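The next block holds one structure in the form of structure tokens; read it before the comments.
The values are calculated or read from the model by the stated rules, or taken from the named source; none is laboratory data. Everything numeric in this text was worked out from a predicted model, so none of it was measured. As a convention, Cβ positions derive from the backbone with ideal geometry for all residues, glycine included, and neighbour counts pool all protein chains shown. Keep in mind that these areas ignore ligands, DNA and RNA; they rest on the heavy atoms of the full protein, side chains included. Shrake-Rupley method; radii C 1.70, N 1.55, O 1.52, S 1.80 Å.
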Amino acid sequence: MLIDDPDPAGDTRPGQFGRQITRESVSQQAYMALRNSLMRSRLKPGQKLIARQVADELGISVTPVRESLLRLVSEHALNIDDRGTVVVPTLALERCVEIRDLRMVLEGEGAARAALTATEHEIDELMKIHERYVETESSDNFATALAENENFHFGLCHLAKSPVLFRMVENLWMQFGPILSYLYDGKERPFHGQKHGHILVLEGLRKRDPALARQAISQDILVGGKALLEKLQP
């Protein structure tokens, strides 16, 4: 009997070798990788995304990458120019302000819910993220500092235990993430000379004060994004 012959016992139970790999699952993984790169500020405004180059980096074929890029274009997370080149958008000031304001509403709601549900251990873990953020920022390791700042925001929103809200926040970050790569441009850092917004958020969580937590994360978004919006002023 050849080793790839059907089992003579007729054992055709599904799932013996795990979930079947399909072209759709590869496309979904490519989509999630690109989406995560947008949210995590790894892609820059104006950056061109060549399907072949992206496919080579991900170690997959071009077709699922093209599908993923077009999906993100349809979601307004990427643009496509007249020559068919996919580009990371450079957001207009008005759109940035709209996204910032929506983040304040949604992440504010997430912080308020987290103040009622987060455990002390979870708050401590969030504090550790902030400490890593401060440490890396102080050592001018801005790429890691930016990543830790994002970890803090997503971690806080996760503590709200609201999957629908979390998904909405992710979608906003998918659009806003690339411009956050400009957060450190050699100028004065956010919250220079004042108590950082993250600390105020943590105080709100420890006091079980939804209003304080909501106000703190909203202020953090407002102050942290000020320099970014100034760069877009005409």
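Residue count for the range 112-126 satisfying the condition of being crowded, with 17+ Cβ neighbours inside 10 Å and assigned to a helix (DSSP H, G or I): 6.
Residues in the range 55-109 that are assigned to a loop (DSSP other than H, G, I, E, B) and at pLDDT 95 or above: how many? Total satisfying the criteria: 2. Residues in the range 85-131 that are more than 30 Å from GLN47 (Cα to Cα) and either charged (D, E, K, R) or in contact with a strand residue (DSSP E or B) (Cβ under 6 Å, 6 or more places away or on another chain) (or both): 8 in all.
Residue pairs whose Cβ atoms lie under 8 Å apart, separated by 6 or more positions or on different chains, with the first residue in the range 77-94 and more than 11 Å from PRO178 (Cβ to Cβ) and the second open to solvent by 80 Å² or more (accessible area, probe 1.4 Å) and of a type in the set (S, T, N, Q), are LEU93/GLN233.
Taken as a whole, the condition of being touching a Leu at 6+ places or on another chain (Cβ under 7 Å), more than 26 Å from THR90 (Cβ to Cβ) and open to solvent by 70 Å² or more (accessible area, probe 1.4 Å) does not apply to ARG214.
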